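For reference, the structure is listed below as structure tokens.
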Amino acid sequence: MRLEVQARLSQARLFGLSLFWFATSAHWTAILLILLPTQALLVGGNDFKGRTLGLVILFGALISTIVAPLAGALSDRSRSRFGRRRPYILLGGLANALALLALGSVQARGATGALIVWFILVELFNNLATAPYAALIPDLVSPAQRGQASGWMGLMTMLGNLTGALLGLSFHGLGLAKSYALLAGLIALGSLLTVVLLDEPPAPRAEPKSFLSPFRSSDFTWVLLTRLFVMMGTYSIEGFTLYYIRSVVDRPYTLLGLRLSSPQAANSLFLLALLLGAAASTLSAGALSDRLGRKPLIYLSGALQVGALLAILAVPHLTPMTLLALVFGLGYGAYASVDWALASDALPHPPDYAKDMGIWHLASTMPQVLATPLAGLALDALEPWGRLHGFAHLGYDAIFALGGFWFLLGLWTTRWIRGIQ
């Protein structure tokens, strides 16, 4: 499959361009929402699960913050006969798979150090692959088709998320080590298929600029801040849904009459509903943004997410929560599909696409550094204080309300993006 620079691409080529997002999204959904919270509970114990999870994610996200722009900058400057992006995608993906196998072996109480080390390596190698990969949409897709390309990326991301959530349904049968082995095979296969299917365009002749150069564009800065705040909302809640269901949702866990055996199974079905809603909106939202503009879709997505999130707090029952997850997912999918096109439109300098996308990627990793540890500390501190003073589940109320605040702040910053409709 050969893609021409800035040519109008067929749907099949857009599918091929987005294939690696399926693998890496399944990878992160299963790890962050199911496998790593379970390991944090095993390693840290029930009283310290929030702090353990927050600490592990903090160190991993710090590494991601450093590696993503550096890997992007190195990719921009590479002149290999195999291309600027493909060597990083292949080597990073295969090393990522090996680190996953090691991470799956960490299950003993007190093994926090080992959990941190192997998670750091997973983050490092995954970012080594994905930072250069992220530049392929602006490299290969014309501005008039970026909404469609971003929609395909969003769809493959959601399908990957669905796959990761489905892994949680079979978690008890597989166990941690086999679950991580499946993810390792998926990420290795995804990286191999990507480098085989996609040829790259020639490198631009102009020289790359400095790391600070994209911030001379106010639109790039506001786009980055918008994503930062939306991701702060996401990471304030994302890693804690398993604990919320385990601690707050009424038992027995039943969904439309179906009785579930564990909080992991209930969490997986909750996430499946969210991701089904997201998958339903991705392609259509991306294509609509090519015609109507990016910002109206961002506003709509934020309203759906905030409304559904606050409603979930009022109904601690699995069935209505899962229906509200569908609504949240519609907004989440619309945002994910339009967000990539918005970022691609805001990139100021073609020779720096991978480096600038790596900097933009900081808006996803910095919230892990800030939001997840902050939410974990709030949860561990406010839950016992609330129980002592008659406020049941105060910690969960606080982190859900905090998530809603960040989403609203992301909507406010969107209005300051002037050069993109």
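Take the residues of segment 80-96 that are aliphatic (A, V, I, L, M) and open to solvent by 10 Å² or more (accessible area, probe 1.4 Å): which is nearest to S18 (Cα to Cα)? Here the residue is L90.
Residues in segment 64-79 that are within 13 Å of M366 (Cα to Cα), more than 16 Å from the chain's Cα centre (by Cα) and either open to solvent by 20 Å² or more (accessible area, probe 1.4 Å) or of a type in the set (A, V, I, L, M) (or both): I66, V67. Taken over segment 191-229, the criterion of being open to solvent by less than 10 Å² (accessible area, probe 1.4 Å) and modelled with pLDDT of 85 or more is satisfied by S191, T194, T226. Yes or no: segment 90-111 includes at least one residue that is in contact (Cβ under 8 Å) with a residue 24 or more places away in the chain, β-branched (V, I, T) and assigned to a helix (DSSP H, G or I). No, there is no match, as no residue in segment 90-111 is in contact (Cβ under 8 Å) with a residue 24 or more places away in the chain, β-branched (V, I, T) and assigned to a helix (DSSP H, G or I).
Whether a residue is under 20 Å from I420 (Cβ atoms) and either in contact with a strand residue (DSSP E or B) (Cβ under 9 Å, 6 or more places away or on another chain) or of a type outside the set (D, E) (or both) was assessed, and A325 does not pass this test.
Of all residues in segment 249-269, those that are among the aliphatic types (A, V, I, L, M) have Cβ atoms under 6 Å from Cβ atoms of residues that are open to solvent by 40 Å² or more (accessible area, probe 1.4 Å), 6 or more apart or on another chain, in A265/L169. In the condition set (1) open to solvent by 60 Å² or more (accessible area, probe 1.4 Å); (2) out of contact with any strand residue (DSSP E or B) (no Cβ under 9 Å at 6 or more places or on another chain); (3) not polar (S, T, N, Q), D290 is compliant with all but (1). Could you please let me know if A401 is over 19 Å from the mean Cα position of the chain (by Cα), outside any loop (DSSP other than H, G, I, E, B) and of a type outside the set (D, E)? So A401 passes the test. Considering the conditions (1) in contact (Cβ under 8 Å) with a residue 40 or more places away in the chain; (2) surrounded by fewer than 20 Cβ atoms within 10 Å (Cβ to Cβ); (3) farther than 18 Å from S284 by Cα; (4) not aromatic (F, W, Y), G175 is excluded by exactly one of them, (1).
The values are calculated or read from the model by the stated rules, or taken from the named source; none is laboratory data. Everything quoted here is computed from the prediction, not taken from an experiment. Glycine also receives a Cβ, built like all others from the backbone with ideal geometry; neighbour counts cover every protein chain displayed. Just the protein is used for accessible areas: all its heavy atoms, side chains included, with ligands, DNA and RNA removed. Shrake-Rupley method; radii C 1.70, N 1.55, O 1.52, S 1.80 Å.
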